[in-house]
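Engineer: Dropping the structure in here first, questions after.
The values are calculated or read from the model by the stated rules, or taken from the named source; none is laboratory data. Values in this document were obtained by computation on a predicted structure and should not be read as measured data. Here Cβ is always computed from backbone atoms with ideal geometry, including for glycine, and neighbour counts include all displayed protein chains. In case anyone asks, the SASA skips ligands and DNA or RNA and just uses the protein heavy atoms, side chains included. Shrake-Rupley method; radii C 1.70, N 1.55, O 1.52, S 1.80 Å.
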Amino acid sequence: MYWRHFNLTAEPFSLTPDPSFLYLSPVHAEAYAALMMGLRERRGLTTMIGEVGTGKTTLVYSVLSGLGPEIHTAYVSNARLSFDGILRVALRDFGVACDGTHSTQLTDAFNAFLLDCANKGTTAALVIDEAQNLSFETFEDLRLLTNFETYTHKLLQIVLVGQPELDTKLRDPALRQVSERVAVRCVVNPLTRRESRAYLEHRLAAVNGSLDIFTGSALRLLIARSRGIPRSLNILAHNSMLFAYG
């Protein structure tokens, strides 16, 4: 691949959400800290909203990889699943065996797991990506799950990750009870020009490279055309290096 031609140790601009490449701009660092706080302090319901390609999934992966064994996590990437489907994925990720297929059986197994966590002093966290695709009915079912609590904290932590449409959806009067449960709200905005340059430099430094690979004019063009979207920066930088190698 082209990265060997540039004496790099790996591909610097992969599109996979690799936590080892995480760049914490001020906005990303704030979102990271808020997610950590929401989970560790058991605040209940957390939302993280940002445009496509702003690095939300990478942030989530980084947070999950930084948690200790006292926090059990389940990650749902397909928000178009039914509520029962989400419960099945969550139970699988939590390592809970459940042969039942009926909604009541799944809910009972889920609640039993939450009570076991409470007795052991551990935390259960359910992360749902692309949450703007959840149906109104599933939003309400998730809200009911947050009713399980002790006198001091929620038994289940839910993190809803999505595009700005998620915020629009939560403003709907039909979801007022869900919106009122949100204890922590994170917003991930695009990078500034200076942050975009630092992002590219960070990714290259992680694989033993530097910005010297790009001419000044090429670098300015990359930053301008990406509009501060990390995914766009990755695509443009990857393609430009690939064509330069070719």
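Engineer: If a residue has to be among the aliphatic types (A, V, I, L, M), more than 23 Å from HIS72 (Cα to Cα) and touching a residue at least 40 places away in the same chain (Cβ under 8 Å) to count, how many in the range 144-177 make the cut? Break it down into steps so the answer makes sense when it comes.
Structural biologist: Filtering the range 144-177 for residues among the aliphatic types (A, V, I, L, M) gives 144-145, 155-156, 158-161, 166, 170, 174-175.
Checking the rest, the ones that are also more than 23 Å from HIS72 (Cα to Cα) come to 166, 170, 174-175.
Those left that are additionally touching a residue at least 40 places away in the same chain (Cβ under 8 Å): 166, 170.
Count: 2.
Engineer: Just give me the residues in the range 166-212 being assigned to a helix (DSSP H, G or I), under 30 Å from HIS5 (Cα atoms) and open to solvent by 50 Å² or more (accessible area, probe 1.4 Å), in sequence order. Let's see the steps before the verdict.
Structural biologist: Taking the range 166-212 as the starting set, the residues that turn out to be assigned to a helix (DSSP H, G or I) are 166-170, 173-179, 193-205, 211-212.
Next cut, under 30 Å from HIS5 (Cα atoms) only: 193-205, 211-212.
Residues satisfying the conditions are ARG193, ARG194, ARG197, GLU201, HIS202, ALA205, ASP212.
Engineer: For the range 60-105, give me the residue count where each residue is of a type outside the set (D, E, K, R) and either open to solvent by 50 Å² or more (accessible area, probe 1.4 Å) or touching a His at 6+ places or on another chain (Cβ under 6 Å) (or both). Explain how you work it out, then say what you get.
Structural biologist: Here is the first cut: in the range 60-105, the residues of a type outside the set (D, E, K, R) are 60-69, 71-79, 81-83, 85-87, 89-91, 94-98, 100-105.
Remaining after also requiring either open to solvent by 50 Å² or more (accessible area, probe 1.4 Å) or touching a His at 6+ places or on another chain (Cβ under 6 Å) (or both): 61, 65, 69, 72, 77-78, 81-82, 94-95, 97, 101-102, 104-105.
Adding up the residues that qualify gives 15.
Engineer: Anything in the range 1-38 that is more than 23 Å from PHE243 (Cβ to Cβ), more than 13 Å from the chain's Cα centre (by Cα) and not small (Gly, Ala, Ser)? List them, or say none.
Structural biologist: TYR23, LEU24, PRO26, VAL27, GLU30, MET37
Engineer: Could I ask something else about it? When the residues of the range 106-149 are narrowed to those that are of a type in the set (Ser, Thr, Tyr), under 28 Å from LYS169 (Cβ atoms) and open to solvent by 20 Å² or more (accessible area, probe 1.4 Å), which ends up modelled with the lowest pLDDT?
Structural biologist: Here is the first cut: in the range 106-149, the residues of a type in the set (Ser, Thr, Tyr) are 107, 122-123, 135, 138, 146.
Still in the list and also under 28 Å from LYS169 (Cβ atoms): 107, 123, 135, 138, 146.
Still in the running and open to solvent by 20 Å² or more (accessible area, probe 1.4 Å): 107, 135.
Values: THR107: 88, SER135: 93.
Here the residue is THR107.
Engineer: Just checking, which of GLY228, GLY246, GLY216 is open to solvent by less than 70 Å² (accessible area, probe 1.4 Å), over 21 Å from the mean Cα position of the chain (by Cα) and closer than 26 Å to TYR2 by Cα?
Structural biologist: On the way: GLY228 fails: over 21 Å from the mean Cα position of the chain (by Cα); GLY246 fails: open to solvent by less than 70 Å² (accessible area, probe 1.4 Å).
Answer to the check: GLY216.
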